[in-house]
Structures are given as C-alpha cells and as structure tokens.
1. Any idea which residue in segment B:186-201 is nearest to A:Pro100 (Cα to Cα), counting only those that are within 7 Å of another protein chain (Cβ to nearest Cβ) and either out of contact with any Ser or Thr (no Cβ under 7 Å at 6 or more places or on another chain) or not in a helix (DSSP H, G or I) (or both)?
2. Out of the residues in segment A:87-101 meeting the condition of being charged (D, E, K, R) and facing chain B (nearest Cβ under 9 Å), tell me which one is farthest from A:Gly4 (Cα to Cα).
3. Can you tell me which residues in segment A:1-37 are in a loop (DSSP other than H, G, I, E, B) and touching an Asp or Glu at 6+ places or on another chain (Cβ under 7 Å)?
4. Run A:Gly67 past the list (1) touching a Phe, Trp or Tyr at 6+ places or on another chain (Cβ under 8 Å); (2) within 18 Å of A:Leu112 (Cα to Cα) and report the number of the one that doesn't hold.
5. Which residue pairs have Cβ atoms closer than 8 Å, lie 6 or more positions apart in sequence or on different chains, and pair a first residue in segment A:130-158 that is away from chain B (no Cβ under 12 Å) and over 19 Å from A:Ile184 (Cβ atoms) with a second residue that is surrounded by 15 or more Cβ atoms within 10 Å (Cβ to Cβ) and of a type in the set (D, E, K, R)?
6. Taking the conditions exactly as written (in contact with an Asp or Glu (Cβ under 8 Å, 6 or more places away or on another chain) and in a helix (DSSP H, G or I)), does B:Ile116 satisfy them or not?
7. Quick check, is B:Glu104 in a helix (DSSP H, G or I), within 14 Å of chain A (Cβ to nearest Cβ) and farther than 20 Å from B:Met137 by Cα?
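The values are calculated or read from the model by the stated rules, or taken from the named source; none is laboratory data. As the structure is a computational prediction, the values presented were derived from the model and not from experiment. Virtual Cβ from ideal backbone geometry, glycine too; neighbours counted across all protein chains shown.
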There are 2 protein chains.
Amino acid sequence: LGTGSVGQTIATALIKNGHEVMMGSRSARNEKALAWTGKNGNKASEGSFDDAAAFGEILFLCLNGSGALDAVRSINKKNVNGKTVLDLTNPLDFSKGMPPGILEGLGNTTSLGEEIQKVLSSAHVVKALNTLTAQLMVAPKLVNGGDHNLFICGNDADAKKQVKELLAREFGWMPENLIDLGGIQNARGTEAYVPFWVSIMQARGNPLFNVKIVQ
Amino acid sequence: LGTGSVGQTIATALIKNGHEVMMGSRSARNEKALAWTGKNGNKASEGSFDDAAAFGEILFLCLNGSGALDAVRSINKKNVNGKTVLDLTNPLDFSKGMPPGILEGLGNTTSLGEEIQKVLSSAHVVKALNTLTAQLMVAPKLVNGGDHNLFICGNDADAKKQVKELLAREFGWMPENLIDLGGIQNARGTEAYVPFWVSIMQARGNPLFNVKIVQ
C-alpha cells in the first residue's frame with residue numbers, strides 16, 4: 001500500500017526475489033502504480049488499497065503519515081483477518097519547517113502504529129523499517145557491511161517472527177541485528193526518532209546511514 | 001545544577017580532573033549536595049542554583065525535566081551573562097507508565113533546550129550528553145572502545161566548540177564522534193529520542209549502550 005519511493009523500493013525488491021506484488025493506491029489505475037507495473041513484468045499488478053489488502057499474504061504499509069489512517073480505514077477488515085501488516089509509516093509534519101514535527105494527535109501518548117492496529121483490529125501490525133532511508137531497507141549491506149540495527153515492535157509474537165524471517169531472507173538483514181522492543185506501543189519511540197533522524201541526515205548531508213547499538 | 005545521579009557523576013568526574021565544582025540545588029545546604037561535598041575534598045562546594053550559576057565558568061544543567069524551567073528561572077540572569085550552559089535535561093513524563101512520554105508542552109514544536117535558552121537568554125545553551133546513561137557520559141570508553149556518537153546542538157558556535165573541547169579533554173570523547181546538529185531547535189530530536197532509548201534499554205535489560213552512526 002503506497003506508491004511513493006518506499007512503496008516502489010519494497011515492491012521492486014520483492015518482484016526481483018520472484019514474488020507477486022500488487023501495489024495498492026487510493027483508487028485503482030493510479031498513474032504511479034501503473035508506471036511501476038509496466039516496468040516490473042507479469043508478477044506486478046495494481047489496485048485499490050482494499051484490492052491489495054485482499055491480494056497480499058503480507059501487507060506493507062508504505063503510506064504518507066498524514067494519509068495512513070484514511071487508507072487503512074478504506075480496507076475491508078475481512079480482507080486482513082489474521083494477516084501480518086508490516087507498518088513502515090511515520091507521522092511526520094513538515095508544515096512548520098525543519099526539523100519536522102509529529103502530526104497532531106499521533107505522538108507521545110500514542111503512535112501511528114498503535115492507531116493503525118486499532119483500525120486493523122483483526123490483523124497483526126508489526127512496526128519495522130520506518131527508521132531508515134528506503135534504499136537501505138532492502139539492501140542493508142550498503143552501509144557497514146550490513147552490521148547495523150532495525151527496531152521491531154508489535155503485539156503478536158508469531159507475526160514478529162514472520163517479519164524477522166522475511167527481513168533476513170528477502171533483504172539480507174542479519175537476524176542478530178533485529179531488536180524486538182516489545183508491544184506496538186513502542187512504535188512511539190521508533191516514530192519519535194524519525195525527526196531526529198532527519199536532523200542527523202541534514203547534518204551529514206546524506207541519508208545513507210543507520211544506527212548501530214554498541215555495548 | 002542538580003544533585004541526582006547525573007549531577008553527581010559529572011561533578012565527581014570534574015573534581016577528579018582537578019576542577020573546583022559547586023553543586024547547586026533548590027536551596028543551599030541540600031542534604032544530597034552536602035553529602036557529596038563531604039566526600040569530594042576542598043574543591044567541592046554547594047549552594048543554591050543561583051550560587052552555582054554565579055560560581056561556574058561553565059554550567060551543567062543536570063536537572064529533572066519537570067523541575068528544570070523553575071530551576072533556571074531562579075537564576076539571576078546577570079550571573080550567566082555570556083556563559084556556556086551545557087544542558088543535559090530531558091522532559092520525560094513517567095506518570096503514564098512505560099515507555100515514558102514527553103512532558104506536556106515540551107515536545108514536538110519546542111523542546112526543553114529551547115525553553116531553557118529562552119529563559120537564560122543572556123547565556124549560550126548547548127544541548128549535549130542527554131542521550132545516554134550517566135556512567136557513559138564521563139567514561140565513553142566503557143563501550144565499543146569509546147567509538148560511538150554524541151549529538152550536540154546550540155545557537156552559538158563558540159559555545160559548541162568549547163563544549164566539544166571539554167568533552168574530549170575531560171571525559172575522553174573522540175572529537176570525530178561529536179555530531180553537531182545545528183541550532184538549539186534540534187534539541188527536539190535528541191530529547192524525543194530518549195523515550196526510544198528507554199525502550200531499547202528495557203529490551204536489552206542494561207543501560208550501558210549507545211548508538212554509533214554507521215555509513
């Protein structure tokens with residue numbers, strides 16, 4: 001779900017790995033989604049958010065923070081029943097200049113991850129991959145030989161296990177570098193980190209970095 | 001300023017390095033400050049926040065987030081005129097359980113660092129050292145041979161230079177690991193990171209870690 005650079009990067013990487021991917025957007029026949037399917041062969045398709053939710057075994061939420069809740073509200077809950085939903089969204093507010101803030105009502109005492117879990121109550125939301133630039137999500141070896149950390153949280157242990165296995169198998173993340181923070185309320189932390197990530201990115205002038213926890 | 005574990009750790013390290021340190025608290029003759037001076041020889045003294053502000057060449061704000069603004073408001077501005085104020089505070093709210101939140105009105109569109117700079121308008125506030133456990137602040141070599149990052153921000157370039165030199169000389173931070181994020185508004189990021197730090201700390205069960213930016 002989502003046709004931006006994160007959605008395109010994830011979708012293209014999964015196609016290259018041999019998977020069938022449907023790119024979902026607000027309405028089917030979205031221009032960016034059609035352009036993407038045109039370049040990615042017969043395993044690539046497109047449809048509405050709900051079409052993609054029904055199609056996918058696993059859903060990747062690659063949505064703009066400000067539109068994410070409306071997007072998931074447009075999904076028929078029956079289409080995500082028991083499914084794992086990998087939530088990459090960030091509730092960033094760039095309207096007041098840099099560094100960005102967190103969208104009103106989506107920070108501090110809640111998070112986009114938690115609110116998405118409330119809307120998709122029959123699914124298992126796992127927050128992950130929201131703390132780094134798109135290019136690195138699918139190619140962690142681009143920095144420090146792949147030795148750096150991802151932070152994962154969610155309420156369902158099996159869904160988190162499935163996401164960890166997927167990240168290792170599809171994108172090459174080292175299993176020991178996937179830090180499980182606990183329940184979905186810990187999305188508050190990983191989302192709140194992102195404006196800080198933007199500050200670091202600006203200071204460096206380059207988004208190709210990540211954090212490694214050292215001890 | 002401050003008598004808790006951060007204040008005691010910083011003050012003791014500076015005494016060990018041969019400096020004179022006055023520990024400031026809400027009122028002079030604070031029990032914890034007196035106990036600290038009793039153990040730290042004749043270069044250690046104590047007084048009110050304002051006494052310490054008048055005494056110090058550099059001020060270290062090691063205050064509880066919820067009391068920090070009241071503490072700095074009790075300082076006579078003439079006593080900090082042109083001085084560097086190293087702000088280690090975090091506006092954490094533990095009242096609603098874990099992970100902690102950010103205190104009402106002190107996050108997202110402002111930060112404790114910015115509000116302290118507004119109160120101490122004649123001083124140069126530099127936010128630093130607020131992103132790791134006290135023990136590591138003064139002994140970075142305890143993890144990864146000292147190779148990990150600190151984030152610094154503030155509006156005055158000379159004050160930031162002074163803080164960077166102090167961190168290297170007094171505590172052994174590697175100059176290349178001190179990341180200058182820009183103006184004091186970037187304290188929003190380093191403060192917002194701290195509830196995330198708490199989540200990571202809980203997942204690890206140990207506060208002796210830090211982040212290293214890898215590229």
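1. B:Ala192
2. A:Lys96
3. Start the filter on segment A:1-37 by keeping residues that are in a loop (DSSP other than H, G, I, E, B), which leaves A:1-4, A:17-20, A:26-30.
The answer is A:Asn17, A:Ala28, A:Asn30.
4. Result: A:Gly67 passes all but (1).
5. A:Val138/A:Glu170
6. Taking the combined requirement at face value, the residue satisfies it.
7. So B:Glu104 does not fit the description; no.
Listed here are the residues, each with its yes/no results for (1) within 12 Å of another protein chain (Cβ to nearest Cβ); (2) in contact with a Pro (Cβ under 9 Å, 6 or more places away or on another chain).
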{"position": "A:Thr110", "(1), (2)": "yes, no"}
{"position": "A:Glu114", "(1), (2)": "yes, no"}
{"position": "A:Arg169", "(1), (2)": "no, no"}
{"position": "A:Met174", "(1), (2)": "no, yes"}
{"position": "A:Leu178", "(1), (2)": "yes, no"}
{"position": "A:Gly183", "(1), (2)": "yes, no"}
